Amino acid sequence: MAILNILEFPDPRLRTIAKPVDVVDDDLRTLIDDMFETMYAAPGIGLAATQVNVHKRLVVIDLSEDKSEPLVFINPEFEYLTDQVEQYQEGCLSVPGFYENVDRPQKVRIKALGRDGQPFEMIAEGLLAVCIQHECDHLNGKLFVDYLSNLKRDRIRKKLEKQQRHQA
């Protein structure tokens, strides 16, 4: 397994719309394992393939404290099951060090393929629903900062660009 490089905002590659996965094979499962290792090392609770510069519709999530509940979503699609919206403070491995409140629906139905390539459906609520929506946004070239005011987004972008210049 390998720890992959995570793209950081405002990298334009984060705006790439991911393509559907055609085949679930050993190469894809290796990518899934690498994504989990990368996410756990970061540390984070969700990672979309787009964030590691692989533009396939693939998301990994694990909300457990002990890394014991890994979830794999290949070609995920979701629908809102409620109009009830709650505000969660979201962060992102591609926007390190920043946390902002984002309003999202609290309950979704998700359809996807699992690690084995078999289709499944589940109902997600609360943090899992938020995480699924956040990661699926990545697959569509969208970041949580897009839900913020232009002023906040520009301030975050400028701070991250400055940090990236100092790291280079």
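Listed values, structure above:
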{"read-out": "Net charge of Cβ neighbours under 15 Å - reference Gln106; Lys, Arg +1; Asp, Glu -1", "value": "-3"}
{"read-out": "Surrounding net charge for Gln163, when Lys and Arg each add one and Asp and Glu each subtract one, Cβ distance under 14 Å", "value": "+3"}
{"read-out": "Listed residues His138, His55, His166 arranged by accessible area, highest first, probe 1.4 Å", "value": "His166, His55, His138"}
{"read-out": "Choice from Asn150, Asn140, Asn75 with maximal GNM fluctuation in the chain (Cα, 10 Å cutoff)", "value": "Asn150"}
{"read-out": "Cut-off 19 Å (backbone N to label point 7 Å along Cα→Cβ of Asp33), residues of the stretch 63-90", "value": "67-74"}
{"read-out": "Rounded if a/c under 1.5, otherwise prolate or oblate - the stretch 13-54, Cα gyration tensor axes", "value": "oblate"}
{"read-out": "Net dipole in debye of the chain [+1 Lys, Arg Cβ; -1 Asp, Glu Cβ; about Cα centre; nearest 20]", "value": "900 debye"}
{"read-out": "Residue-normalised accessible area of the chain, expressed per residue, 1.4 Å probe, Å²", "value": "54 Å²"}
{"read-out": "For Lys142, solvent-accessible area (1.4 Å; no DNA, RNA or ligand), Å²", "value": "70 Å²"}
{"read-out": "For the chain, built as a Gaussian network whose Cα springs stay under 10 Å, the top-fluctuating residue of Leu148, Leu58, Leu14", "value": "Leu148"}
{"read-out": "Computed over the chain: relative contact order in percent, which uses C-alpha pairs under 8 Å that are six or more apart", "value": "23 percent"}
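The values are calculated or read from the model by the stated rules, or taken from the named source; none is laboratory data. What you are looking at is a predicted structure, and each value in this text was computed from that prediction instead of being measured. Neighbour counts are summed over all protein chains in view; Cβ atoms, including those assigned to glycine, are modelled from backbone coordinates with ideal geometry. Calculation scope for accessible area: heavy atoms of the full protein, side chains included, ligands and nucleic acids excluded. Shrake-Rupley method; radii C 1.70, N 1.55, O 1.52, S 1.80 Å.
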